[in-house]
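Student: The structure that follows is given in the form of structure tokens.
The values are calculated or read from the model by the stated rules, or taken from the named source; none is laboratory data. As the structure is a computational prediction, the values presented were derived from the model and not from experiment. So basically every Cβ, Gly included, is an ideal-geometry build from the backbone, and we count neighbours across all protein chains shown. Side chains are part of the model used for accessible areas, which takes the heavy atoms of the whole protein and leaves out ligands, DNA and RNA. Shrake-Rupley method; radii C 1.70, N 1.55, O 1.52, S 1.80 Å.
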Amino acid sequence: MQLAKQSGEPDQQTSPYLRAALIDSLFETSAPMLTGLVFGAGAAAMTALKTGSTLIWACVALLVVAGVVRAFIVQRYHARKSPPTVEDAARWKKYHQIGAMIQATALGTWCSATLLFTDDAVAHMICLSTTTGTLALGAGRAYGRQWVFQLQAALIYGPTVIALALRGTPYYVAMSVVCTAFLVAVLQISANLHRIFMQALVAREREAALAGQFDTALNNMPHGLCMFGADGRLAVMNHRFSEMMNLPDDSVQGGVSASDIIAACVASGSISNASGSMILSEIENSQARDMITTDPDAARNRSLSWTFQPMAGGGAVVLLEDITERRDAEAKISHLARYDELTELPNRVNFRNEIGRLLAIQQGVDRLSALLFVDLDQFKQVNDTLGHPCGDQLLCAVAGRLREMLRPEDFVARFGGDEFVVFQQDIHSNEDAAGLARRIVDRLSERYKIDNHLVEIGASVGIAMTSPGVSADTLLKNADMALYRAKADGRGTFCFFRDEMAQTVEARRTLELDLRKALANEEFELFYQPLVNIKSGKIATCEALLRWNHPVRGTVSPIDIIPVAEDMGLIVDLGRWILRKACMECMKWPEAVSVAVNFSPQQFHQRDVLSEVRYALEVSGLPANRLEIEITESSLLRNTQLTHDVLSQLHSLGVRISLDDFGTGYSSLSYLHNFPLQKVKIDRSFLEGIDTDRPLTLLRGVARLSADLGMSVVVEGIETNQQLELVSTDGTVTEAQGYLFSRPVPAVRIRQLLNASHGRRSTPDEPLVVVPSRSIA
Ligand code: C2E
Ligand code: MG
Ligand code: MG
């Protein structure tokens, strides 16, 4: 809010309130003004009678007219029904000024005329005392409009002073000087009065503004507020307080005591009697304090926060806040932070803390407990095939079964995903833990009915027994290691932690660290092994096989690298490197030779597998028809529609797909039929005992079936001429791969080998491929 200036003439920025007050001040003392008018005109008439001067009579007439005009204006002003608007105020001001000026001119003219044109001392005295009195009256009345009064004073007294001086006699001149001094003093007094008046007005307006702001703030704050004076009586209470305490309007009269207010709160049923007494004693205590009450009773679950603040000169301010929602939200957040939202079981953090606490209690006491780490088998498949909502229901069902089978003193938590942990307290021997683990595996493996689906899963359990001084973290780590072992042992079983497990895990951890470094340091290398076309004897394709030249371990087999890289999620980066490197290497080979790259299931199911392949072809410049991607049956197992789509898109790019290691997994013939595959690689395990009839018949059957479905057939692992002869006699097997032709060799060597086999031998003296004389022309 803009407030008026402290002193001086009110200007454009003066608030409407101030402007109205100033105008009002001009009219409020109308009685002295009207008396002045009457007496002025009367005095003039007396001088006119005494002197008989026509000029003076003319002045009397002018004074009467001025008096009538001013009286009329004052009467109209006071007859107004509503406070003046801004425009009205300006108009009234103008009327007042016109009236005042006319009267001042009339008075000045009368007095100066009497002094100049008559020699009657009585008349002189009358007119001089009348103008002097009018001037003094005006100073006390017209302080609201400074310049109006100054002009008025000049018009009344200016001609008088001049006329006195013009008479020229020493006494009149002296009188003129005295009157001038009087004029100056009166103007000064009026200016002072004006300043004081303005200050008072501004202070009043500021006070009103502050009171308004305070009132707005008080009644719009979310807290309830009560202020009690030093005498313990209510000074202020806002609406929020009476609303929260449900107080009737008449109970909130100013001056009621704190105990009356609290009694009213209790009577309205907003707070209990006990809370009331506590609150009253805090108010009387006059000490800063916070307090939370549950009012009016625990059943209503309403939490009120009371703050008591003593005031400087005695008395207190009481602030009241309804914190029910905040408390509920805090309780919910704290619950969410400690419990799993889905199963309502304690979560990892909660479990970890609770176990820490229980172990601390057991410290130094000869008691045995077990920690069982439970992991569901095949849960992922349920999630993938039936969808996440079913997966969620399954997890809830598992949580329910676990809860049912535990004793009250045991503790179960969900660690996230399909991992649950049980803390079995106070047992006698390992056998008790084994018994519980067995029961858990059996119970969780029983069928579940979820949304009309019958679901079967399994469970594996890792067990760690407590030992003196063991920490919660160690116990969890050990149980996790034991679980890893249980899963490796074929799942659906349990396993106790043993010390050597830690070493295995440690070794794997080092391998993981090494692998990460290896990728960054480019310690990997690709070896290539040819696939030979049985009819032409030429190398049709070379398979890229990963090798790791470890500075300490020596050459590490891909069989050790790939599963770890998959677990670490490193396979995607590694696979990308392999694909690009292999494509670039193939560009250095004769055009008729393709490259085959192995894709692990994880790599195959990454979202942008297509763009990875496209990019590798683009950067290397390799035509798509010279790239073969080898996938295993496990890649086809997951998300079959998506897999089908990816394979079709790769096929439409021109890339060929080989089904690797056929015969080691499910060996599902439906895969051969349903997916767009161009090549089947029959695993070398088919060659075992091939010299007997049954395996050979089986191999030939699979080979014929695949050939009939339009696929090329490769037999892997050919080591002897006899094996080659056996697989190639009926003509269905198109290509062969194995040590008989070549072991996997480094890139430089495969280049030499290819040049040799395609008639461009770079080292003619040493053939690099063992080519069976019968089949390779
Ligand atoms: P695979 O794709 O079936 O590769 C053939 C494996 O059989 C190679 O083993 C090869 O050296 C071996 N082999 C070839 N001919 C014979 C033979 O006559 N006798 C015997 N005993 N073995 C033979 P390697 O190089 O140790 O690779 C093993 C597996 O590791 C591969 O099987 C493949 O599944 C995987 N692998 C290799 N490199 C990569 C790769 O770059 N990426 C992915 N994802 N997996 C790879
Ligand atoms: Mg392969
Ligand atoms: Mg294979």
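Student: For every helix of n ≥ 4 consecutive DSSP H residues, a contribution of -39,500 (n - 2.57) applies; sum these over the chain, divide by its total residues, and give [θ] at 222 nm rounded to the nearest 500 deg cm²/dmol.
Tutor: When only DSSP H runs of four or more count, the value is -18500 deg cm²/dmol.
Student: On to the next question. Note down the accessible area of Leu183, probe 1.4 Å, to the nearest 10 Å².
Tutor: Rounded to the nearest 10, that gives 30 Å².
Student: For helix 258-267, what angle does its Cα long axis make with the longest principal axis of the chain, in degrees from 0 to 90 and rounded to 10?
Tutor: Approximately 50 degrees, to the nearest ten.
Student: Any idea which of Thr697, Tyr172, Val74 is furthest toward the positive side of the dipole for the chain, if Lys and Arg beta-carbons carry +1 and Asp and Glu beta-carbons -1?
Tutor: Tyr172
Student: If ligands, DNA and RNA are left out, what is the accessible area of Thr385 with a 1.4 Å probe, given in Å² to the nearest 10?
Tutor: 110 Å²
Student: While we're on this one: Mind pulling the per residue volume of the convex hull built on the Cα atoms of the range 589-645? Å³ is fine.
Tutor: Enclosed volume per residue, from the Cα hull, is 86 Å³.
Student: If you don't mind, another one. Across the Cα atoms of the range 223-327, what radius of gyration and what greatest pairwise Cα-Cα distance (Dmax) are found, in Å?
Tutor: When restricted to the Cα atoms of the range 223-327, Rg and Dmax are 12.6, 40 Å.
Student: With axes computed from alpha carbons, what is the tilt in degrees of helix 348-362 against the longest principal axis of the chain, rounded to the nearest 10 within 0 to 90?
Tutor: Between the helix axis and the principal axis of the chain, the angle is about 80 degrees.
Student: May I have the extent of the alpha carbons of the range 77-119 along their three principal axes, as whole Å values ordered from largest to smallest?
Tutor: 52, 17, 7
Student: Tally the DSSP beta bridges in the chain and give the antiparallel ones as a percent, rounded to 5.
Tutor: Counting DSSP beta bridges with both partners in the chain, the antiparallel share is about 70 percent.
Student: For the range 339-497, take N as its residue count and report Rg(C-alpha) divided by 2.2 N^0.38 Å.
Tutor: Against the empirical 2.2 N^0.38 Å value, I get 1.01 for the range 339-497.
Student: Let's test the formula: R0 of 56 Å, r as the Cβ-Cβ distance of Phe72 and Ala267. What FRET efficiency results, to the nearest 0.05?
Tutor: Calculated transfer efficiency: 0.35.
Student: Do you know the relative contact order of the range 16-211, to the nearest whole percent, from alpha carbon pairs under 8 angstrom that are 6+ apart?
Tutor: 25 percent
Student: Any idea what angle helix 472-488 forms with the longest principal axis of the chain, computed on alpha-carbon atoms, 0 to 90 degrees, nearest 10?
Tutor: For helix 472-488, the angle is close to 40 degrees.
Student: Give, rounded to the nearest 20 debye, the magnitude of the charge dipole that the range 223-327 has about its Cα centre when Lys and Arg contribute +1 at Cβ and Asp and Glu contribute -1 at Cβ.
Tutor: Roughly 220 debye, rounded to the nearest 20.
Student: Take the alpha carbon gyration tensor of the range 316-371, find the square roots of its eigenvalues, order them as a ≥ b ≥ c, and report rounded if a/c is under 1.5; if not, report prolate when a/b exceeds b/c, else oblate.
Tutor: oblate
Student: Ordering His194, His673 by accessible area with a probe of 1.4 Å, largest first, what comes out?
Tutor: Accessible-area ranking of His194, His673, largest first: His673, His194.
Student: Based on the Cβ-Cβ distance from Ser281 to Val86, what FRET efficiency comes out when R0 is 51 Å, to the nearest 0.05?
Tutor: 0.40
Student: Can I ask one more? Could you tell me which Cys residues in the chain have no other cysteine's Cβ under 4.7 Å from their own Cβ, answering none if every one has a partner?
Tutor: Taking the Cβ cut-off of 4.7 Å, the unpaired cysteines of the chain are Cys59, Cys179, Cys226, Cys265, Cys390, Cys396, Cys495, Cys542, Cys583, Cys586.
Student: In addition: Could you give the nm distance between label points at Asp473 and His673, where each point is 7 Å from its Cα heading toward the beta carbon?
Tutor: Using points 7 Å along Cα→Cβ, the separation is 5.7 nm.
Student: Over the chain, what number does the Rg to Rh ratio reach, with both radii from the alpha-carbon atoms and Rh per Kirkwood?
Tutor: Reported Rg/Rh (Cα atoms, Kirkwood Rh): 1.41.
Student: While we're on this one: Can you tell which of Gly158, Thr294, Cys495 lies farthest toward the positive end of the dipole of the chain, using +1 and -1 charges on the Cβ of basic and acidic side chains (Lys, Arg; Asp, Glu)?
Tutor: Gly158
Student: Could I ask something else about it? In the range 521-776, if the dipole is taken from +1 on Lys/Arg beta carbons and -1 on Asp/Glu beta carbons about the Cα centre, which of Asn598, Ser712, Phe662 is farthest to the positive end?
Tutor: My answer, from the dipole projection, is Ser712.
Student: Compute the distance in nm between two label points, each set 7 Å from the Cα along the Cα-to-Cβ direction, one at Glu618 and one at Gln378.
Tutor: Each label point lies 7 Å from its Cα, and together they span 4.3 nm.
Student: Sorting Arg509, Arg302 by accessible area (1.4 Å probe), largest first, what list results?
Tutor: Ranked list, largest accessible area first: Arg509, Arg302.
Student: Further question on the same structure: Given R₀ = 56 Å, what would the calculated FRET efficiency be for Arg401 paired with Asn755, taking r from the Cβ atoms and rounding to 0.05?
Tutor: 0.25
Student: Another one. Charges at C-beta only: +1 for Lys and Arg, -1 for Asp and Glu. How large is the resulting dipole of the chain about its Cα centre, in Debye rounded to 20?
Tutor: Magnitude of the dipole: close to 3340 debye.
Student: Give me the one-decimal nm value for the distance between modelled label points at Leu610 and Asn452, 7 Å along each residue's Cα-to-Cβ direction.
Tutor: 3.4 nm
Student: Can you pull the accessible area of Tyr739 for me, 1.4 Å probe, Å² to the nearest 10?
Tutor: 100 Å²
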